[in-house]
Protein chains: 2
Amino acid sequence: MTGPLIDLSGAEPLEPERLQAYFALTEAASLLQHRVERHLRGEGDLSGVQFQILMRLASGDGRATMTELADGLVHSRSGLTYQAGLLEKAGLVTRAPSEQDERAVVVTITDEGVAVISRVLPGHIDVVRRSLLDQLSDDDVRRLAEMMARVRDHMRAEPPRSAAARRSPSRAPVSGEAGGPAQA
Amino acid sequence: MTGPLIDLSGAEPLEPERLQAYFALTEAASLLQHRVERHLRGEGDLSGVQFQILMRLASGDGRATMTELADGLVHSRSGLTYQAGLLEKAGLVTRAPSEQDERAVVVTITDEGVAVISRVLPGHIDVVRRSLLDQLSDDDVRRLAEMMARVRDHMRAEPPRSAAARRSPSRAPVSGEAGGPAQA
DNA sequence: TATTGTTATACTCTATAACTATA
DNA sequence: TATAGTTATAGAGTATAACAATA
């Protein structure tokens, strides 16, 4: 039998263990996300992002600005505007200009929003438990939480190359992005 | 009243450590996926799914049926057809009916497909290393790989409730259901 | 009748750029 | 000038159901 068609040995390849960790993480997270979103859609007619927005509001004092919400939930501002608009249309949040800073918009969860979260959350937790947590020992959980927090914080701290928080006015040319034959 | 707006104590809540493990995993995986897809799109004009299809082909003997590819890569068959169609249009794979089973379609990676993977992979690995692996010790990596493989296998083995692999054949036909495709 | 795969269709989500308004 | 947010637009991806063809 012939070996794989691709040879990694030129470019400082990844050891099999690391590659497997990456692939397993990717696949498990993707499966979990899929199950969770399926549940949320079926149970509460919520997208994953909408659920996270509501959760973030409900876990605090029920209010946050768009910018505060954008941190960590979504990768573009317009995406958040879109999702917040849907939530508002559904009556689960309200939006009003901030009084401290007229530019900002304060998003506030409504009673109905709290009710939806309360209704959906038990099933959500159940899915997470059955899919993920039940397969992990207490020590696994501690270890996983610590590792993933580390990785997350690292990525948050060091934004990916060539990705300004907002389109920078003086966009530096991306290294090596010369006119490559981009397939075709 | 300063506490969170939502009370979990009714429904056997999640211990904070478990909740944090879940959230950190979700967020880290989401950030990683976003970076990886950004890189793939920029470097090779590939979607994440397309990359995975090519990787799976290139890691084996270069050929697989649609059904074999569908396992683990995508959540609906039509989605795979769509992505495979794009790859074929780009000249990175070919599709031809199987000779053993005329129903099946054999997808084969082309030389150009191998070339694209070879060109993209070093940068891909670099992203994964910088974003994820460099933050983990060797022991972390072993532990993570083992945990995530366990979780992944569990989800694969036990499909989510109310999700038949395919639309269940025992579906009672509704008499008035036939008729032209909804036009509009 | 079950399985493999495609197609038609409709929809959700996302991202970029241009824009407004306030600090 | 920089920041907060919206809008317009356009494209990518997905899922469901109906369909055709082979086993």
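Sequence-ordered 3J(HN,Hα) estimates for segment A:81-96 from the Karplus curve with 6.51, -1.76 and 1.60 and θ = phi - 60° stand at 3, 4, 5, 5, x, 5, 5, 5, 4, 7, x, 8, 9, 10, 10, 8 Hz, glycine and proline given as x. Note down the accessible area of residue A:75, probe 1.4 Å, to the nearest 10 Å². Per-residue accessible area (residue A:75): approximately 100 Å².
Copy-to-copy label distances for residue A:101, where each label lies 7 Å from Cα along Cα-to-Cβ, are 5.9 nm in order of increasing length. Chain B against chain A buries an accessible area of about 7500 Å², both chains summed, 1.4 Å probe radius.
Per-residue accessible area (protein heavy atoms, 1.4 Å probe) orders B:78, B:30, B:131 as B:78, B:30, B:131, starting from the largest. Protein heavy-atom surface of segment A:18-157, 1.4 angstrom probe: 48% of the accessible area is carbon and sulfur, with nucleic acids and ligands not counted.
Between copies, the label points at residue B:78 (set 7 angstrom from Cα along Cα-to-Cβ) are spaced 2.7 nm, reported in nanometres from shortest to longest. Inter-copy label distances at residue B:122, using a point 7 Å along Cα-to-Cβ, come to 5.7 nm with the shortest given first. Remark on residue A:110: its backbone amide H falls under 5 Å from those of A:93, A:94, a criterion applied only to residues 5 or more positions apart or on other chains, H modelled at 1.01 Å from N. Based on protein heavy atoms only, segment B:17-157 ends up with 46 Å² per residue of surface accessible to a 1.4 Å probe. Residue by residue, segment B:23-28 carries 3J(HN,Hα) couplings of 5, 5, 4, 4, 6, 5 Hz when phi is fed to the Karplus relation 6.51 cos²θ - 1.76 cosθ + 1.60 (θ = phi - 60°); x denotes Gly or Pro.
Ranked by the mean number of other Cβ atoms within 10 Å of their residues, highest first, the peptides B:32-39, B:84-91, B:51-58 fall in the order B:51-58, B:32-39, B:84-91.
Decide, for segment B:17-157, between rounded, prolate and oblate: order the square roots of the alpha carbon gyration tensor eigenvalues as a ≥ b ≥ c, take rounded if a/c falls under 1.5, and otherwise choose prolate if a/b is larger than b/c, else oblate. It is prolate, given that a/c is not under 1.5 and a/b is the larger ratio. Under 5 Å between amide hydrogens, built in the peptide plane, is the criterion, and for residue A:105 it picks out A:66, A:67, A:98 among residues at least 5 positions away or on other chains.
The values are calculated or read from the model by the stated rules, or taken from the named source; none is laboratory data. Quantities reported herein were computed from a predicted structural model and do not represent experimental measurements. Positions of Cβ are generated from backbone atoms using ideal geometry, with glycine treated the same way; all protein chains shown enter the neighbour counts. With ligands, DNA and RNA removed, areas are computed over all heavy atoms of the protein, side chains included. Shrake-Rupley method; radii C 1.70, N 1.55, O 1.52, S 1.80 Å.
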